[in-house]
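First up is the structure itself, then whatever we jot down about it.
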Amino acid sequence: MAQAQVPVTVLTGYLGAGKTTLLNRILSEQHGKKYAVIVNEFGELGVDNDLVVNADEEVFEMNNGCICCTVRGDLIRIIEGLMKRKDKFDGILVETTGLADPGPVAQTFFTDDEVKARTRLDAIVTVVDAKHFFGQLGQGTEAEEQVAFADVILLNKTDLASEDELKKVEDRIRSINRYARVIRTQKSQVELDAILDKGAFDLKRILEFEPDFLHSGHSHDHEEEVRSVSITADRPVDPDRFQKWMGALLQLRGPDIFRSKGILAIDGAPRRYVYQGVHMMMDSDWGTPWKDGEKRTSKLVFIGRNLDVENLQRGLDDCLKS
Amino acid sequence: MKLDLANPAWLQTLPPGRSLGVDAPAAACAFSTDGSRVAFGLGDGRVRILPADIAAPETPAAEPLHGGAVLALVADPAGDGFVSGGDDGRLLRVAADGTASELVNQKGRWVEHLAAHRSGAIAASASKTAFVVKDGEVREFGPHPSTVAGIDFSKDGSRIACAHYGGVTVWSIGNVVLPPRRFAWRGSHVALKWSTDGKFIATGTQENDIHVWRMAQATDMRMQGYPAKVKSLSWTADARFLFTSAQPVFTAWPFAGKGPEGKPPLQFGDEGAGLMSVVAAHPSAEFVAGGYDSGELQLGDLKTRRSVVLRMSDGAAITCLAWSPDGWKLAVGTDAGALQVLDLKR
C-alpha cells in the first residue's frame, strides 16, 4: 500500500525553555489533526492523549566505523510500532530532553530504511529561554548545538527579558545559525503553521525555505564557536572532484558539521543539484532547471564548529571547471 | 499422509481456507497449544479468535482487549488460549472464550516481544525489562542496556535470551540465581531466536546482518549481504537450518556439522515482487512458509527445493505467519487486515 510519509517535527530546547508548554499547546489546540507524541518524561504532559509514547533516549553508534553515526534506536522501534495501530495520525512530534544532542534524532531519519519509507523529518524546532540563554551557553555545548541544528527557533519568555536583552540573544542566535527562522514568543504561543509542516528537510524546498540563503558573507566570530558559513562559486562544479572533496570533508570534519545544505551548478547539467546533510549523512537530488541566461551560482552552507571559511572556499574552488 | 509439493493440485488452485478482512493491521498470530483455535493480534487492540477448523462457523469478533495496538501474541503454553502484549503496557492471558486476565501492567511502556515454552512459562519484554510468568508468579530480569528487541527461551526452558544494544543477555530463570551471561556484538540487535536444539542464538541487526553465537564455545559469526534488516528468523525443527527474512527467495543457513562458516546459504523458491517479511519453519517436517512485504505467500520443501505459491501479491505486507501444532494449517495476517487460515491437506 502506498502510504504518505508522516511528517516528524523534533522539538528541542534547554531545560525549562518551554518545550512541554509548546507540546501541550499543539495537542490541545483545535486543529482537527491527530499527532503521535514521543516524550521522555511520561506524565509531564497535561493533555490526555493515548498517542503519547514514552521513550528513553536510546542512542547507539552504527556499526559501520563512522564515529558520529549515532542514531536513536528507540525512535526506529516506536515508529514501526505506531504503524501497527489502526488509528493513523497526521504527524509525529518528538520531544528531546533538555540536554540532548539533536544529531542522533535527525540522523535516525537518514539512516533507517523503514523509518525513511514511513516518515519524513519535517523540521527541528528549538525553544530558547530568552532570559537564561547566555547562562546556558556557558554550561556546556547543548544549548549552542540545539540552536545550530534548528530550522525554527522560538525565542520564548520574551516577557521576562528587556528589548536590549532580546536583541543580544537574537544576535547570538544569528551568529550560531543564520538560516533558522527566529520567532519571538511568550508562553510558547506561536501559530502552529509556523512550526509544523515546514518541509525543512525537503530537498525541493531548500531554496524557498531559506530567505537568507542567497546572501553570501560570513561573521567573524572565534572559529571554535558554532557558527554558520556560506561559500559560493560562479563557475560550474566538476561532480567527481566535488564528491571527493565533500566525502573527505565530512569524513574528517563530520562531527563538527551539524547541518549543511547546498545548491550546485554541475558542469553540463541543466538542473540544479541540491543536497542537505546532518553530520556525515547526506541526501541529494536534482532540483529545478536553471533558466536560460540565469547566472549559475553554486552556494553551500555549513553550520558547525571550527569552520574555516577560507579553507572551505579553497576546497570548493578546487572542484570548479577551469 | 504427507505434505507433497509435487502434487499437481498446488499448481491448479490455491489451498482452501478461511479468509476474513478486519479494519486493522495484524501484528501477530498463533494457533492454540491444543490446535483447536487460531488467534490474531490486531492494531485496534482486539484479539480475534477463530476456530482452526476452516469449515466450523466463524466466532463473532470480541471487544478490544488492549488500549492501543496488540504488538505480540503467542499460544498460552499452560492452556488452550493465548497470551497477548500491547502498546498499553499490558500482558494479558486470553482464554479460549476471549476473556482476559492481566499478568503484567507497565503503563507507559510497550509489551512488544513474547515467547512461550512448553513448560508453561511465558517471557515478555517491556522497555528494558524482561518478565517471566510461570505458575502464577511474575519475575523480572534486567534492566538491559536498552529496550529489549527480541526474547526467546532455551530449548529446556531454563534460560531466556534478550536482544538489545551491544548484544544478547542470557538469564537463568530457575530457582538457582546465576549471574547473567552477556554475548557482545556492537550495534543494535533487532530480532532474536534461540535454536531449537539450544546450541545457537541468532539475532538480526540494524546493519542488515545476522549474528549467531555458538553457546558452548561462546564463539560468534556474522552473515552479511541482506538488503534490509532481518526481522524474522526461524530455525527448522531439527535445528539444521536457520531461515531468514529480507531476501526475495527462501534463504537458510546450514548449521548441521561444522556450521555455516565459509558456506553460502541455501536459497530456493520463486522470486517474490518484494522481500520476505516473515518466515516460519514447519513445526516438525522440512517445510517452510515465507510471506513477502508485497503480499505473496510461498511454501517451500527443504528436501526437494520445490516451492508453491499459496497466496498472490496484493501489495499489503504479510506481517505474521503461524503453523498449527500438527503442521497442516497455516495462519496468515497482513498489514491491511487480511486474515487467513489455510488448510494444506490436499
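Structural remarks
- Distance from region A:119-179 to region A:265-281 (C-alpha centre basis), Å: 29 Å
- Look at the dipole of region B:1-136 built from charges on Cβ: of B:V22, B:A95, B:L50, the Cα furthest out on the positive end belongs to B:A95.
- Region B:119-242 - charge dipole about Cα centre, Lys and Arg +1 at Cβ, Asp and Glu -1, debye rounded to 20: 220 debye
- Assuming charge only on the beta carbon of Lys and Arg (+1) and of Asp and Glu (-1), the dipole of chain A about its Cα centre is about 900 debye to the nearest 20.
- Dividing the summed helix terms, -39500 (n - 2.57) for each DSSP H run of n ≥ 4, by the number of residues in the protein assembly as shown produces a 222 nm estimate of -4000 deg cm²/dmol to the nearest 500.
- D_trans [Stokes-Einstein, Kirkwood Rh over alpha-carbon pairs] for chain A, 10 °C, 1.306 mPa s, µm² s⁻¹: 78 µm²/s
- Alpha carbon convex hull of region A:259-322, volume per residue in cubic angstrom: 95 Å³
- The radius of gyration of the Cα set in region B:115-175, together with its Dmax, comes out at 10.6, 32 angstrom.
- Value of Rg to Rh for region B:1-102 (Rh from inverse mean 1/r over Cα pairs, i.e. Kirkwood): 1.05
- For region B:29-162, the average shadow cast by the Cα convex hull is 7.6 nm², which is a quarter of the hull's surface.
- Taking the charge dipole of chain B about its Cα centre, with +1 at Lys and Arg Cβ atoms and -1 at Asp and Glu Cβ atoms, the residue from B:A78, B:W235, B:Q224 reaching farthest to the positive side is B:Q224.
- Chain A: angle of helix A:19-28 to the longest principal axis, Cα-based, in degrees nearest 10: 70 degrees
- Shielding by other protein chains, A:83-91, mean Cβ within 10 Å: 6
- A:K88-B:D314 FRET efficiency (beta carbon distance; Förster radius 22 Å; 0.05 resolution): 0.65
- Within the straight-line cut-off of under 13 Å between alpha carbons, the aspartates and glutamates reachable from A:K19 are A:E41, A:E44, A:E95, A:D129, sequence neighbours fewer than 8 places apart in one chain being disregarded.
- Hits among aspartates and glutamates - C-alpha to C-alpha of B:K303 under 19 Å, sequence gap 8 or more where chains match: B:D4, B:D238, B:D270, B:E271, B:E286
- Percent of beta bridges antiparallel (DSSP, region A:244-292, rounded to nearest 5): 100 percent
- Shape category assigned to chain B from the gyration tensor of Cα positions, a/c cut at 1.5: oblate
- Angle in degrees between helix A:239-253 and the longest Cα principal axis of chain A, rounded to the nearest 10: 50 degrees
- Residue (of A:I76, A:T119, A:P255) at the positive-pole extreme of chain A, dipole from beta-carbon charges: A:T119
- Take the Kirkwood radius over Cα pairs of region B:180-241, plug it into Stokes-Einstein at 25 °C and 0.890 mPa s, and you get 206 µm²/s for translational diffusion.
- For B:R90, neighbours were defined as the other residues whose beta-carbon sits under 11 Å from its Cβ, and their charges (Lys and Arg +1, Asp and Glu -1) total 0.
- Charged-residue dipole, Cβ positions (Lys, Arg, Asp, Glu), chain B about Cα centre, Debye nearest 20: 1040 debye
- Per-residue shielding of A:117-128, expressed as the average number of other chain Cβ atoms within 10 Å of the residue Cβ, stands at 0.
- Whichever aspartates and glutamates have a C-alpha closer than 14 Å to that of A:K321, once near sequence neighbours (fewer than 8 apart) are set aside: A:D234, A:D238, A:D240, A:D267
- Cα-Cα over 28 Å, subset of B:K231/B:K263; A:K34/A:K167; A:K157/A:K299; A:K84/A:K198: A:K34/A:K167; A:K157/A:K299
- Shielding by partners - mean other protein chain Cβ count within 10 Å, residues of A:55-64: 5
- DSSP beta bridge pairing in the protein assembly as shown, given as percent antiparallel to the nearest 5: 85 percent
- The protein assembly as shown: C-alpha pair distances exceeding 47 Å, %: 24 percent
- Fluctuation leader among A:E145, A:E310, A:E114 - chain A, Gaussian network, Cα springs under 10 angstrom: A:E310
Rule-based calculations on the coordinates, nothing more; no lab input. Since the model is a prediction, treat every value here as computed from it, not as a measurement. Ideal geometry is used to build each Cβ from the backbone, glycine not excepted, and the neighbour counts take in all protein chains shown.
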